[in-house]
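Values in this text are rule-based calculations from the coordinates and carry no lab data. Note that the coordinates shown come from a computational prediction; the quantities given were computed from them, not determined experimentally. Ideal geometry is used to build each Cβ from the backbone, glycine not excepted, and the neighbour counts take in all protein chains shown.
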Amino acid sequence: MNDLGVADMDLGRYNEAEQLFSKGLQTSRRVLGEQHQTTLFMVGNLGSVYMNQGRYKEAEQQYIEMLEIHRRLWGDENPYTLFYMSCLAGVYTQQGRYDDSESLYLKTLERQRRVLDEEHVFTLWSIEGLASLYAGQSKYEEAERLFVEALGGLQRSRGYEHRDALRCMNGLAELYTAQRRFDPAASLLTSALGISRRTLGDDHPWTFTSMNNLATVYKEQAQYEKAELLLLEAVKGRRLKLGDKHPHTVESLNNIIDLYEAWGKPEKAKKWRAKLPQTEAVAE
C-alpha cells in the first residue's frame, strides 16, 4: 500500500495518496508496530502528502514524530534524522517561521556536509530549501549561490529531467523574477515547462507551477496574451487537482487578478476576484 501511495503522490494525486497512506498506516501500526520500517515510511510519506496539500500544521506534526523516533533509535546524525530535520525546516518556511527555519537548515546542512556528502540528495534538498528561504527574505545573493549549487548537483546526480531538478529550476527562476532578471527566468521556465509537460504530463501539479511562474514573467514583460493563456490553464488545473483553497490555487487566482489589472481590464479582474476563497478576498 505504501508503494501505491508513493505512485499516486508522484503523479500528483495527493488525495488518493492520503487515503492509501492513512489506511495503510492504521494496518501497519496494528500488525507491524510503531517502529517497523514500513510504518515509519508511511508516517513520513503522509507528512509529504500534507505538505503538498498545503496542510502545513499536519505536516509539521508528522515530521516532528519522525524526527523524534529517528533521534531516539538511530541518533542525531543518522541520514534520515537529518532528512526529517530538513523537512521540518521546510514546513517552518511555509509557515513564515523564518528564524526557526534558518536555524534548523544551517544545523542540518553542517551535519549533512560532514556526515553524508556534498552531493548526496539529502544534502542538495537542504541546500535548495535554504535557498528558497533566503529568496523569500530577499537575500538574493546568498539564495542564488545556493540555488546554483543545488541545481548543478541535482542535475548531475538525479538527471536533467528529474522532478527534483525541475523544482529547483523553478526556484531559481522565481529568484530571477524577483530580481527583475526576466530573460534568464523565462529561459529556465520555458525549459522546465517543456520537460514537465513531456515527462510528468499536462495535468501534473508541478507542470502548473511552471505555467504559473512563466506567466508571471510574461506579465512583467507586458506579454499579456501569453500570460493569460498560461494562467487560465494553471488556474483551471490547480482548482481541479488541488482545490480552491490550496495556497497554490490562491496564488494563481491572485496572479490572474494582477494580470488583468496590469492589462487595463478591471472588469475581468473583478470577475476573478469574486472566485477567491472568502478568507482570501480583498477589497477593490
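Picking from G54, G90, G96, which residue would you name as being among the small types (G, A, S), under 26 Å from G5 (Cβ atoms) and out of contact with any Leu (no Cβ under 8 Å at 6 or more places or on another chain)? Of the residues listed, the single one that is among the small types (G, A, S), under 26 Å from G5 (Cβ atoms) and out of contact with any Leu (no Cβ under 8 Å at 6 or more places or on another chain) is G90. Looking across the stretch 206-251, just one residue is among the basic types (K, R) and not in a helix (DSSP H, G or I), and that is K245.
For V49, the criteria (1) β-branched (V, I, T); (2) surrounded by fewer than 21 Cβ atoms within 10 Å (Cβ to Cβ); (3) under 28 Å from L242 (Cα atoms) hold in every case but one, which is (2). Condition first: assigned to a helix (DSSP H, G or I), under 17 Å from S126 (Cα atoms), of a type in the set (S, T, N, Q) and touching a residue at least 24 places away in the same chain (Cβ under 8 Å). Can you find one or more residues in the stretch 64-87 that meet it? Yes, that holds for at least one residue.
Just one of (1) crowded, with 16+ Cβ neighbours inside 10 Å; (2) more than 27 Å from L200 (Cα to Cα) fails for R30. It is (1). A search for C-beta distances below 9 Å between a residue of the stretch 164-186 that is in contact (Cβ under 8 Å) with a residue 40 or more places away in the chain and more than 22 Å from L200 (Cβ to Cβ) and any residue that is not in a helix (DSSP H, G or I) and not small (G, A, S), counting only pairs 6+ apart in sequence or on different chains, returns L175/R181. Looking at this structure, is E261 surrounded by fewer than 20 Cβ atoms within 10 Å (Cβ to Cβ), in contact (Cβ under 8 Å) with a residue 12 or more places away in the chain, in a helix (DSSP H, G or I) and touching a helix residue (DSSP H, G or I) at 6+ places or on another chain (Cβ under 7 Å)? Answer is no for this residue.
Can you tell me which residue in the stretch 158-202 is surrounded by the most Cβ atoms within 10 Å (Cβ to Cβ), limited to those that are part of a helix (DSSP H, G or I) and acidic (D, E)? Per the stated criteria, the residue is E174.
Residue count for the stretch 192-204, restricted to those that are under 18 Å from L229 (Cβ atoms) and among the hydroxyl-bearing types (S, T, Y): 1.
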